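Every read-out reported here was derived from the displayed coordinates using simple, explicitly stated rules and does not represent laboratory data. This is a predicted model, so every value here is computed, not measured. Because the Cβ atoms are built from the backbone with ideal geometry, glycine has one as well, and the counts that use them run over all protein chains shown.
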Amino acid sequence: MRTRTVGLLLIGMVALLGAAGTAVAELPKNMIFFMSGTACPAGSSRLVNANGRMLLVANDAGAIGSTSGKALADREDRKHKHKAKVSATLNEHSISAASSCCNSQSTGKGAHSADVETDESASALPFVQLLACKVD
C-alpha cells in the first residue's frame, strides 16, 4: 500500500509544483519528481541518468539505478519489434476432408507451440520527455 501512496503523492506534488510553486524544501529528501521546462527548482537537482528513461519501481535494492538499452531522445519514436512464444493444446478432430492423407497443412491433436516475432515498426506515439529532478 505504501508504494501506491508514494506514487499518488508524486503525481500530486508534480501538479503542486507546476501550479502553485510549492517550495522544494517541503518535499521529502531524495524524492524524484518531474517538471516541464529546462531547469529544476531551487533545492533540487537534475537527475541526469533518468534522461530518456522510463522510471520503474524496484523491489530489489540491487536493481536501483540500473538501466536497460539505449536512452530515448526527446520525441523519439524508435522502431522496435516484439517476440512471443505461443502454445495451444488441440482436442481430437474428425474432419475427413481437412485431415486426409494428402493435406500436409492440417495438424494433429495434442500440444503445439511456436515462436513468433513481429516486424520492426514505430508506435506513432513519440515519447515526450519531462525533466526529472531530485530533492537535495
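Observations, loosely collected:
- Amide proton proximity set for residue 31, modelled H, under 5 Å, gap of 5+: 135
- Spatially proximal lysines relative to residue 81 (Cα-Cα < 27 Å; intrachain offsets below 8 disregarded): 70
- Approximating the spin labels as points 7 Å out from Cα along Cα→Cβ, the residue 117-to-residue 59 distance works out to 3.2 nm.
- Partners for residue 109 among lysines (Cα-Cα distance below 26 Å; same-chain residues under 8 apart left out): 83, 85
- Label-reachable residues, region 47-64, where backbone N falls under 17 Å from a point 7 Å from residue 31's Cα toward its Cβ: 47
- Amide hydrogen neighbours beyond the local backbone of residue 44, cut-off 5 Å, H modeled: 136
- Protection proxy ranking of 34-45, 57-68 - average other beta-carbon atoms within 10 Å, highest first: 34-45, 57-68
- Extension gain for the segment residue 73 to residue 131, taken as residue separation times 0.36 nm less the Cα-Cα distance, is 19.6 nm to one decimal.
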